[in-house]
Amino acid sequence: MTSDDLPIGRRVARWRVRRQMTQQMLADRLRRSKSWVDKIERGVRPLDRYSVIQELAHVLRVDPEVLLGQPRGTPAGPPDGVDDIRAALARYDTPQAPQETDELRRQVGYAWLTYQHAHYGQLTRVLPGLLDAAQGARSAELLVQAYRITSSLLVKLGEADLGWLAADRAMTTAADDPALAATAAISVSQALRAAGRDRLALAASLAAANRVRPQRSAGEWAVGGTLLVQAALAAAGCGEHRRADELADRAAGVAANLRGYDDQHRTSFGPVTVELARVLVAASRGDAVEALHRHSTVVRREGWRRLPAEYRGAYLVDAARAYLQVGDLRGAARALVDADSVAPAEVRCRPLARTLIADVARAQPAPAGVARLATLVGLTR
């Protein structure tokens, strides 16, 4: 039996022994009886309140997840460091010695990969320095990318207004460069949608999409398709379901004519991403049958598995919200559990996911897997 297979009471006993405590010593520090500690360790008394697990973990000097037997790689809760990102955005002075463009490009590429792998805690630590370096460089392209990454992360962490600020900075930096402006508009739309400003997001994304012309490169055409997807989701958020379907059809047309591009703008655009948007649009108009059918079909496609972990995890969290909207608690639970297996940070770091877990966990009995997620993110008290 591995350490992760042990009952929680046995883990408490092991860590107590490691800390060279008797049962009485542990009981005294917890202000409980020795009998209580003994029953916990033997499994006679259930240890099912997260606040008590936290108290035990504090006295035993371990993380609560260690007592729960859960992986420590992705901590629950938004990562620390948002204030450092805010401070970096608030600095208007530029470094005296601008960084070499090649080195900055490498750092931006690393930040994108970190984001696409949904390592949000790591990215939170990297971004302040990257923003400082990019703001002092003479490359509008790299600065726009740095702002876009920053905006995307902040939206994930529930900082939609700050995310919109970073996206707006990207748009300002893009100036008269149509390609950069189009990529910046993706971030603007995402931030506005996250802030509940769907009508503004619709206007911004649609205007930017209409400026992308077919004669542009495949990468820029993919940006245009991504903007149409954003517009479709924003239209659905406004209750304009027919318009949302029309915009999704336009995006599908772009995807069908797109052949072999290197995704230099990090959009992940393609036929599968359009189908994922159609699931959310169908759910938003209350068509649970169509949403379920489309969802079960698209996640079996090869293109689904090729999407970045971040994209798949984010979609599954959105799908969970959509299932809740149509009253399908089991569907919402499955989507959340799947999201945690694909990209744990999508569930463990995002306030939106925490809210969804709480909503699903209120059901009696809670659907399979959600009780564990509720404990993991600290909702079991």
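The values are calculated or read from the model by the stated rules, or taken from the named source; none is laboratory data. The shown structure was predicted, so the numbers you read here are calculated from the model rather than taken from an experiment. Positions of Cβ are backbone-derived with ideal geometry, glycine not excepted, and every protein chain shown enters the neighbour counts. Accessible surface is based on the protein model in full, side chains and every heavy atom, while ligands, DNA and RNA are left aside. Shrake-Rupley method; radii C 1.70, N 1.55, O 1.52, S 1.80 Å.
With the crude spin-label approximation of a point 7 Å out along Cα→Cβ, what separation in nm comes out for Asp84 versus Glu246?
The answer from the label model is 4.8 nm.
Whole-Hz Karplus ³J(HN,Hα) for the stretch 331-340, in order, using 6.51 cos²θ - 1.76 cosθ + 1.60 and θ = phi - 60°, x for Gly and Pro?
Running phi through 6.51 cos²θ - 1.76 cosθ + 1.60 with θ = phi - 60° gives x, 5, 5, 4, 5, 5, 5, 5, 4, 5 Hz.
Each residue of the stretch 220-237 in order: what ³J(HN,Hα) in whole Hz does its phi give by Karplus 6.51 cos²θ - 1.76 cosθ + 1.60, θ = phi - 60°, with x for Gly and Pro?
6, 5, 5, 4, x, x, 4, 5, 5, 4, 4, 5, 4, 5, 5, 4, 4, x
Could you look at the stretch 168-293 and say what percent of its accessible area is carbon and sulfur, using a 1.4 Å probe and all protein chains?
The nonpolar share, carbon plus sulfur, comes to 50 percent.
Using amide H atoms built 1.01 Å from N in the peptide plane, name the residues 5+ places from Cys349, or on other chains, whose amide H lies under 5 Å from its own.
Sorted by chain and number, the residues that satisfy this are Gly77.
Arrange the peptides 341-350, 249-258, 295-304 so that the one whose residues have, on average, the most other Cβ atoms within 10 Å appears first.
On the way: 341-350: 24.2, 249-258: 17.5, 295-304: 14.6.
Top of the packing list down: 341-350, 249-258, 295-304.
So what's the stretch 4-64 giving for Rg/Rh, alpha carbon basis, Kirkwood Rh from the mean inverse pair distance?
The Rg/Rh ratio comes out at 0.91.
Using amide H atoms built 1.01 Å from N in the peptide plane, name the residues 5+ places from Gly158, or on other chains, whose amide H lies under 5 Å from its own.
none
Using the Kirkwood radius over Cα pairs, work out the Stokes-Einstein diffusion coefficient for the stretch 298-381 at 4 °C and 1.567 mPa s, in µm²/s as a whole number.
Rounded, D is 103 µm²/s.
Measure nothing but the geometry: give the 0 to 90° angle between the long axis through the Cα atoms of 288-298 and the longest principal axis through the Cα atoms of the chain, rounded to 10°.
That works out to roughly 90 degrees.
So, for the chain, what is the accessible surface per residue at a probe of 1.4 Å, expressed in square angstrom?
Details: 18050 Å² over 381 residues.
It amounts to 47 Å² per residue over the chain.
Could you grab the relative contact order for the stretch 144-288? Cα pairs under 8 Å, six or more apart, rounded to a whole percent. Intermediate values should be presented prior to the final figure.
On the way: 226 pairs, mean separation 26.3, N = 145.
So the answer I get is 18 percent.
Only Cα pairs under 8 Å and at least 6 apart count here; give the relative contact order of the stretch 312-374 as a rounded whole percent.
Reported relative contact order: 32 percent.
Full-extension gain between Asp28 and Arg362, please, as 0.36 nm times their residue separation minus the C-alpha to C-alpha distance. Please report the intermediate quantities before stating the final value.
Numbers: separation 334, 0.36 × 334 = 120.24 nm, distance 3.48 nm.
Result for the pair: 116.8 nm of gain on full extension.
I want the local charge near Cys238. Using Cβ-Cβ distances under 12 Å, sum +1 for each Lys or Arg and -1 for each Asp or Glu among the other residues.
Working: positive: Arg193, Arg197, Arg199, Arg242, Arg243, Arg285; negative: Asp198, Glu240.
Here the count lands on +4.
What ranking, highest mean first, results for peptides 279-287, 19-27 when packing means the other Cβ atoms within 10 Å averaged over each residue?
Working: 279-287: 21.1, 19-27: 14.9.
Going from most to least packed, we get 279-287, 19-27.
Hey, with R₀ at 30 Å, roughly what FRET efficiency would Asp102 and Glu302 work out to, going by the Cβ-Cβ distance, to 0.05?
E(calc), rounded to 0.05, equals 0.30.
If you project the alpha carbons of the chain onto the principal axes, what extent comes out on each, in Å, largest first?
76, 59, 33
Which whole-Hz couplings ³J(HN,Hα) result when phi for each residue of the stretch 197-208 is put into the Karplus expression 6.51 cos²θ - 1.76 cosθ + 1.60, θ = phi - 60°, listed in order with x for Gly and Pro?
Taking θ as phi minus 60°, the curve returns 9, 5, 5, 5, 5, 4, 4, 5, 6, 5, 4, 5 Hz for the stretch 197-208.
Tell me the label-point distance for the pair Arg138, Val44, using the 7 Å Cα-to-Cβ offset, in nm and rounded to one decimal.
Between Arg138 and Val44, the simple spin-label model gives 7.7 nm.
Quick one: grab the alpha carbon gyration tensor of the stretch 167-271, order the square roots of its eigenvalues as a ≥ b ≥ c, and give me rounded if a/c is under 1.5, else prolate or oblate depending on whether a/b is larger than b/c.
oblate
What are the equivalent ellipsoid semi-axes of the stretch 113-238, built from the alpha-carbon gyration tensor (square roots of five times its eigenvalues), in whole angstrom, biggest first?
22, 18, 12
What is the percent of Cα-Cα separations in the stretch 127-188 that go past 15 Å?
That fraction is 41 percent.
Between beta-carbons, use under 12 Å as the cut-off and find the net charge around Gly158, counting Lys and Arg +1, Asp and Glu -1.
Numbers: positive: Lys156, Arg350, Arg354; negative: Glu159, Asp161.
So the surrounding residues net to +1.
Kirkwood hydrodynamic radius (Cα pairs, Å) of the stretch 241-381?
15.7
Output the 0 to 90 degree angle, nearest 10, between the alpha-carbon long axis of helix 178-194 and the longest principal axis computed from the alpha carbons of the chain.
Computed tilt is about 40 degrees.
Could you work out the relative contact order of the chain, using alpha carbon pairs under 8 angstrom and six or more residues apart, expressed as a whole percent?
Numbers: 561 pairs, mean separation 51.2, N = 381.
Over the chain, the number comes to 13 percent.
For Ala167, what charge total do you get from the other residues with a beta carbon under 15 Å from its beta carbon, if Lys and Arg give +1 and Asp and Glu give -1?
Here the charged neighbours net out to +4.
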